[in-house]
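Since the structure comes first, as structure tokens, the remarks are kept for the end.
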């Protein structure tokens, strides 16, 4: 059996239950395929170690998850333990997170999984080491339309394979719905990165897309709620959202812990969200891991179009929009035909994002043998 080491961020993203599910869904999905799966994270300081221990404990990974601070393990198996298994193991490196100079070169093979498409490729093309692309044997991205003539993301000479965001369906059972007209999402107002310069064009952030649709609640009879991390410096934006009818809730109790995040998603009627400007304007085909969780829970999703409708069968369960009028109409249709949309959402998650299918294909391409 090929050992698999998933490299990724938990402590570095402490307080984000949704981000934890991204990494743990890879771990859980690969485990379901019968693989010997480990998880490794590097940190520059000890902050977040408690969150790391809590999350890996929730997923039963205490003996298979290491938090490295230099050569010291703040949690889990030691660096020496990892060095012993690395020559026979495949590194599945989410966002190129694992770079440890003693460990990284020891793996039998190294596979990059890019979950920030556009940013990663632009940084790499510009020679920015922060892209963390180099040193990998294979490169995967969630930008399903990369390489298409109308997709503006540069390949920068890399053969990018595509992979979808996996979800372990058993982790996201369908639960009874309270208010079908309660559209929610979880996110940060500006995101972790600044605007992106690419081929002389500037691509904006999620905040810029939200501003385009800020009047939505005024044109709809339904409820729109954001579990939003917004900086105090953006007080004017916060006031504008409230003025236009958005309900803002504290993201910490709603979504800091993976289990709380799941409860918040499953307590919603549906999702409404926009996307980063670079995902939208490059027609990347990017699709949100968060939206996958809504769909798996039988919660329809009304999300901004990135070109995903060309690769997914959107329309029932998943409704894309590009204009304010399209968002208003989409919300009305979801509520009017809620049961049909809810059933289609779960089926779309099973058919397109179920971990057995997604990661089975991934392992075939990456040479990972169970």
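If you check residue 74 against the conditions, is it over 17 Å from residue 361 (Cβ atoms) and either in a strand (DSSP E or B) or touching a strand residue (DSSP E or B) at 6+ places or on another chain (Cβ under 7 Å) (or both)?
Details: over 17 Å from residue 361 (Cβ atoms): yes; either in a strand (DSSP E or B) or touching a strand residue (DSSP E or B) at 6+ places or on another chain (Cβ under 7 Å) (or both): yes.
Answer is yes for this residue.
Picking from 342, 327, which residue would you name as being at pLDDT 95 or above, assigned to a helix (DSSP H, G or I) and closer than 24 Å to residue 206 by Cβ? Lay out the reasoning, then the answer.
Numbers: 342 fails: closer than 24 Å to residue 206 by Cβ.
Exactly one of 342, 327 is at pLDDT 95 or above, assigned to a helix (DSSP H, G or I) and closer than 24 Å to residue 206 by Cβ, namely 327.
Let's see how each residue does on (1) under 25 Å from the mean Cα position of the chain (by Cα); (2) crowded, with 22+ Cβ neighbours inside 10 Å; (3) within 24 Å of residue 46 (Cα to Cα); (4) modelled with pLDDT of 95 or more:
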{"residue": "67", "(1), (2), (3), (4)": "yes, yes, yes, yes"}
{"residue": "79", "(1), (2), (3), (4)": "no, no, yes, yes"}
{"residue": "84", "(1), (2), (3), (4)": "no, no, no, yes"}
{"residue": "91", "(1), (2), (3), (4)": "yes, yes, yes, yes"}
{"residue": "102", "(1), (2), (3), (4)": "no, no, yes, yes"}
{"residue": "112", "(1), (2), (3), (4)": "yes, yes, no, yes"}
{"residue": "129", "(1), (2), (3), (4)": "yes, no, yes, no"}
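If residue 136 satisfies every condition in (1) touching a residue at least 40 places away in the same chain (Cβ under 8 Å); (2) in contact with a strand residue (DSSP E or B) (Cβ under 9 Å, 6 or more places away or on another chain); (3) closer than 24 Å to residue 194 by Cα but one, which is the exception?
(3)
Taking the residues in segment 128-143 that are touching a helix residue (DSSP H, G or I) at 6+ places or on another chain (Cβ under 7 Å) and in a loop (DSSP other than H, G, I, E, B) as candidates, determine which candidate is farthest from residue 114 (Cα to Cα).
135
Which members of segment 287-297 meet the condition of being surrounded by 22 or more Cβ atoms within 10 Å (Cβ to Cβ), in contact with a strand residue (DSSP E or B) (Cβ under 9 Å, 6 or more places away or on another chain) and in contact (Cβ under 8 Å) with a residue 40 or more places away in the chain? Working first, answer last.
Initially, segment 287-297 is screened for residues surrounded by 22 or more Cβ atoms within 10 Å (Cβ to Cβ), giving 287-288, 290-297.
When the remaining residues are screened for being in contact with a strand residue (DSSP E or B) (Cβ under 9 Å, 6 or more places away or on another chain), the result is 287-288, 290-296.
Correct list: 287, 288, 290, 292, 293, 294, 295, 296.
Which one is nearest to the chain's Cα centre (by Cα) among residues in segment 307-323 that are crowded, with 16+ Cβ neighbours inside 10 Å and not in a loop (DSSP other than H, G, I, E, B)? Explain how you work it out, then say what you get.
First, pick out the residues of segment 307-323 that are crowded, with 16+ Cβ neighbours inside 10 Å: 307-308, 312, 314, 316-321.
The next check asks that each one be not in a loop (DSSP other than H, G, I, E, B); those that pass are 308, 318-321.
On the way: 308: 15, 318: 17, 319: 19, 320: 18, 321: 20 Å.
Among residues in segment 307-323 that are crowded, with 16+ Cβ neighbours inside 10 Å and not in a loop (DSSP other than H, G, I, E, B), the one nearest to the chain's Cα centre (by Cα) is 308.
If I ask for residues that are in a loop (DSSP other than H, G, I, E, B), free of Cβ contacts under 8 Å to residues at least 60 places away in the same chain and crowded, with 16+ Cβ neighbours inside 10 Å, which ones from segment 167-212 would you list? Don't jump to the end; show me each part of the working.
Quick first cut of segment 167-212, residues in a loop (DSSP other than H, G, I, E, B) only: 168, 172-181, 189-195, 199-200, 204-205.
Now narrow it down to the ones that are free of Cβ contacts under 8 Å to residues at least 60 places away in the same chain: 176, 189-190, 192, 194, 199-200.
If the condition is that a residue be in a loop (DSSP other than H, G, I, E, B), free of Cβ contacts under 8 Å to residues at least 60 places away in the same chain and crowded, with 16+ Cβ neighbours inside 10 Å, then 189, 190 are the ones that fit.
Which residues, taken from segment 331-348, are under 22 Å from residue 310 (Cβ atoms), under 23 Å from the mean Cα position of the chain (by Cα) and either without any contact (Cβ under 8 Å) to a residue 60 or more places away in the chain or not assigned by TED's automatic domain parsing to the domain that holds residue 220 (or both)?
344, 345, 347, 348, listed by residue number.
What pairs come out if I take residues in segment 74-86 that are assigned by TED's automatic domain parsing to the domain that holds residue 45 and under 18 Å from residue 99 (Cβ atoms) and pair them with residues that are in a helix (DSSP H, G or I) and modelled with pLDDT of 95 or more whose C-beta lies under 7 Å away, six or more apart or interchain?
74/49; 83/106; 86/106
Return yes when residue 224 is more than 18 Å from residue 15 (Cα to Cα) and either touching a strand residue (DSSP E or B) at 6+ places or on another chain (Cβ under 6 Å) or not assigned by TED's automatic domain parsing to the domain that holds residue 181 (or both) and no when it is not.
Details: more than 18 Å from residue 15 (Cα to Cα): yes; either touching a strand residue (DSSP E or B) at 6+ places or on another chain (Cβ under 6 Å) or not assigned by TED's automatic domain parsing to the domain that holds residue 181 (or both): yes.
In short, yes.
Given (1) closer than 29 Å to residue 335 by Cβ; (2) free of Cβ contacts under 8 Å to residues at least 60 places away in the same chain, where does residue 164 come up short, assuming only one miss?
For residue 164, the exception is condition (2).
The values are calculated or read from the model by the stated rules, or taken from the named source; none is laboratory data. None of the values given here were measured: they were computed from a predicted structure. Counting neighbours? That spans all protein chains shown, and the Cβs are built from the backbone with ideal geometry, glycine included.
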